[in-house]
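Below: the structure, in structure tokens.
The values are calculated or read from the model by the stated rules, or taken from the named source; none is laboratory data. Note that the structure is a prediction, hence the values are computed from the model and not measured. Using ideal geometry, Cβ is built from the backbone for each residue, glycine included, and neighbour counts are taken over all protein chains shown. Only protein heavy atoms, including side chains, enter the accessible area calculation; ligands, DNA and RNA are left aside. Shrake-Rupley method; radii C 1.70, N 1.55, O 1.52, S 1.80 Å.
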Amino acid sequence: MVKTTKKCIGFLFTVMALVAAGGAFSSSALAQDDSAVADFYKGKTVSVVIRSTPGGGYDFYGRLVARHIGKYIPGNPDVIAVNRPGAGGLVATNYMFNRAPKDGTEILIPARELAVSERLGGSEIRYKTLEFGPLGSVSKSTRVWLAGPDVPVNNLEDLKNYRENHGRDFSFAVSGRSAGSYQLALMLEESGYPVKIITGYEGTSDQTLAVLRDEAQGTINTYGSALDQINDEGFKVISKLGSHPDIDNVENVKTALTGKWLQVAEVLEGQMLVGRPFFTAPGVPEDRLKALQDAFYKVVQDPEAAEEAKRAGRPWGDYASPAEMTDAYEKLFAAPDEVVELLGTE
């Protein structure tokens with residue numbers, strides 16, 4: 001009996017030793033991976049490719065990430081921002097997919113609509129969204145439907161009864177028929193709301209003036225871009241698509257929609273989850289991709305980066321993970337053609 005116990009104890013110690021050795025091996029392998037990544041990046045320069053010209057949201061976020069991500073990438077490479085504008089972001093996106101080094105030394109901030117553009121097709125589209133290496137998104141987008149400060153509409157119920165109560169349709173000022181805001185107004189019109197769409201107002205300032213002059217009663221914008229309209233001019237958020245803690249009590253526009261337009265809103269809401277996406281080139285080795293993803297997440301959590309965004313009045317920190325990005329894009333590619341064609345881009 002004693003011999004049997006000793007044998008069991010000896011066997012147990014052997015198993016424990018093997019497990020410990022396995023754990024040590026795993027830790028050693030991870031350390032070797034980190035070391036290999038650090039060795040690769042040490043002394044190199046990483047480029048953050050920005051889809052637009054200097055100035056504007058994409059440039060702001062690209063440069064902000066470029067200023068901070070180097071300290072979190074193993075090996076601490078230098079990081080520079082490079083503007084590659086053209087064709088609404090296609091120049092930068094096609095470059096990253098086809099010509100950029102596939103070694104993790106280039107990062108892209110493309111147009112948020114890159115997957116929609118790919119799904120709609122065209123000879124100028126020379127990339128596959130799902131083949132990029134996703135790093136994450138620094139901010140989710142929320143669309144808001146706005147009414148002017150003196151317009152007697154505070155919510156979707158007021159909007160639904162606007163014609164009956166005021167003898168005319170509620171007009172939204174938008175830029176053009178190809179703009180996303182046009183489709184967002186159209187989805188209410190075709191769902192039975194007394195909405196009229198007026199095009200030709202190219203920017204937020206023009207649209208704001210149109211409402212203040214009573215040429216229109218409302219506009220549609222992203223929440224971040226609408227803050228001046230809300231805070232300075234007193235515009236009211238009457239509906240939203242997406243989520244933001246500032247407007248938790250505002251009704252989601254999906255409650256007003258039916259049929260294909262409800263499907264459009266659901267797909268669009270998924271794309272807004274990745275409002276400021278970042279990628280690296282396809283084919284980057286897994287250990288470097290993981291290092292870039294980890295570094296990107298740490299930038300989003302960085303208090304200095306957050307403070308810079310706050311001072312600039314830019315949304316920051318509403319992080320979307322690589323897995324969430326992939327899920328949103330897969331849902332888009334699985335949506336019916338008639339739904340995708342109604343999404344529009346801007």
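Out of everything in segment 49-79 that is touching an Asp or Glu at 6+ places or on another chain (Cβ under 8 Å) and among the aliphatic types (A, V, I, L, M), what residue ends up being nearest to residue 107 (Cα to Cα)?
Among them, the one singled out is 49.
Name every residue in segment 87-111 that is free of Cβ contacts under 8 Å to residues at least 60 places away in the same chain, in a loop (DSSP other than H, G, I, E, B) and of a type in the set (A, V, I, L, M, F, W, C), in order of residue number. Spell out how you get there, then give the answer.
Residues of segment 87-111 free of Cβ contacts under 8 Å to residues at least 60 places away in the same chain: 87, 89-95, 98-99.
Narrowing further to those that are in a loop (DSSP other than H, G, I, E, B): 99.
Matches in segment 87-111: none.
Can you confirm whether segment 55-70 contains a residue that is surrounded by 20 or more Cβ atoms within 10 Å (Cβ to Cβ), within 18 Å of the chain's Cα centre (by Cα), at pLDDT 95 or above and not in a helix (DSSP H, G or I)?
no
Identify, please: which residue in segment 300-320 is over 19 Å from residue 141 (Cβ atoms) and part of a helix (DSSP H, G or I) and is, among those, nearest to the chain's Cα centre (by Cα)? Spell out how you get there, then give the answer.
The initial filter retains those residues of segment 300-320 that are over 19 Å from residue 141 (Cβ atoms), namely 301-304, 307-308, 311.
This time we only want the ones that are part of a helix (DSSP H, G or I), so: 301, 303-304, 307-308, 311.
On the way: 301: 16, 303: 20, 304: 21, 307: 20, 308: 19, 311: 21 Å.
The extreme case among them is 301.
Check off (1) touching a Ser or Thr at 6+ places or on another chain (Cβ under 9 Å); (2) part of a helix (DSSP H, G or I) for residue 158 and give me the number that stays unchecked.
(1)
Out of everything in segment 129-164 that is at pLDDT below 95 and basic (Lys, Arg), what residue ends up being most open to solvent (accessible area, probe 1.4 Å)? First the steps, then the outcome.
Step one: of segment 129-164, the residues at pLDDT below 95 are 138-143.
Keeping just the survivors that are basic (Lys, Arg) gives 140, 143.
Values: 140: 55, 143: 26 Å².
For segment 129-164, the residue satisfying everything is 140.
Working carefully through the options 177, 168, 126, 163, find the one that is of a type in the set (Lys, Arg), in contact with a Pro (Cβ under 9 Å, 6 or more places away or on another chain) and in a loop (DSSP other than H, G, I, E, B). Steps first, answer last, please.
Details: 177 fails: in contact with a Pro (Cβ under 9 Å, 6 or more places away or on another chain); 126 fails: in contact with a Pro (Cβ under 9 Å, 6 or more places away or on another chain); 163 fails: in a loop (DSSP other than H, G, I, E, B).
One residue alone meets the criteria, 168.
Report yes if residue 323 is of a type in the set (A, V, I, L, M), without any contact (Cβ under 8 Å) to a residue 40 or more places away in the chain and in contact with a strand residue (DSSP E or B) (Cβ under 9 Å, 6 or more places away or on another chain), otherwise no. Don't jump to the end; show me each part of the working.
Numbers: of a type in the set (A, V, I, L, M): yes; without any contact (Cβ under 8 Å) to a residue 40 or more places away in the chain: yes; in contact with a strand residue (DSSP E or B) (Cβ under 9 Å, 6 or more places away or on another chain): yes.
Yes, satisfied.
How many of the residues making up segment 112-151 are of a type outside the set (Asp, Glu) and free of Cβ contacts under 8 Å to residues at least 60 places away in the same chain? Spell out how you get there, then give the answer.
First, pick out the residues of segment 112-151 that are of a type outside the set (Asp, Glu): 112, 114-117, 119-123, 125-130, 132-149, 151.
Now restrict to residues that are free of Cβ contacts under 8 Å to residues at least 60 places away in the same chain: 121-123, 125-127.
Selection size over segment 112-151: 6.
I'd like the full set of residues that are crowded, with 18+ Cβ neighbours inside 10 Å and in contact with a strand residue (DSSP E or B) (Cβ under 6 Å, 6 or more places away or on another chain), limited to segment 74-103.
Once the filter is applied, which keeps residues that are crowded, with 18+ Cβ neighbours inside 10 Å and in contact with a strand residue (DSSP E or B) (Cβ under 6 Å, 6 or more places away or on another chain), segment 74-103 yields 77, 79, 81, 83, 84, 92, 96, 100.
Give segment 193-213 a look and list any residue that's under 20 Å from residue 162 (Cβ atoms) and without any contact (Cβ under 8 Å) to a residue 12 or more places away in the chain, or say none.
213
Based on what the data block shows, is residue 316 of a type in the set (Phe, Trp, Tyr), over 19 Å from residue 182 (Cβ atoms), touching a residue at least 40 places away in the same chain (Cβ under 8 Å) and surrounded by 20 or more Cβ atoms within 10 Å (Cβ to Cβ)? Steps first, please.
Working: of a type in the set (Phe, Trp, Tyr): yes; over 19 Å from residue 182 (Cβ atoms): yes; touching a residue at least 40 places away in the same chain (Cβ under 8 Å): yes; surrounded by 20 or more Cβ atoms within 10 Å (Cβ to Cβ): yes.
Answer is yes for this residue.
In segment 300-346, which residue that is among the small types (Gly, Ala, Ser) and farther than 24 Å from residue 71 by Cβ is modelled with the lowest pLDDT? Talk me through it step by step, then tell me what you get.
At the first step, the residues of segment 300-346 found to be among the small types (Gly, Ala, Ser) are 305-306, 309, 312-313, 317, 320-321, 323, 328, 334-335, 344.
Now restrict to residues that are farther than 24 Å from residue 71 by Cβ: 313, 323, 328, 334-335, 344.
Details: 313: 82, 323: 96, 328: 91, 334: 91, 335: 89, 344: 56.
Across segment 300-346, the extreme among qualifying residues is 344.
Mind listing whichever residues of segment 270-293 are buried (at least 21 other Cβ atoms within 10 Å of the Cβ), at pLDDT 95 or above and part of a loop (DSSP other than H, G, I, E, B)?
Within segment 270-293, 281, 284 meet the criteria.
Against the definition (open to solvent by less than 50 Å² (accessible area, probe 1.4 Å), of a type in the set (A, V, I, L, M), under 16 Å from residue 142 (Cβ atoms) and assigned to a loop (DSSP other than H, G, I, E, B)), how does residue 267 come out, yes or no?
For residue 267, the condition - open to solvent by less than 50 Å² (accessible area, probe 1.4 Å), of a type in the set (A, V, I, L, M), under 16 Å from residue 142 (Cβ atoms) and assigned to a loop (DSSP other than H, G, I, E, B) - is not met.
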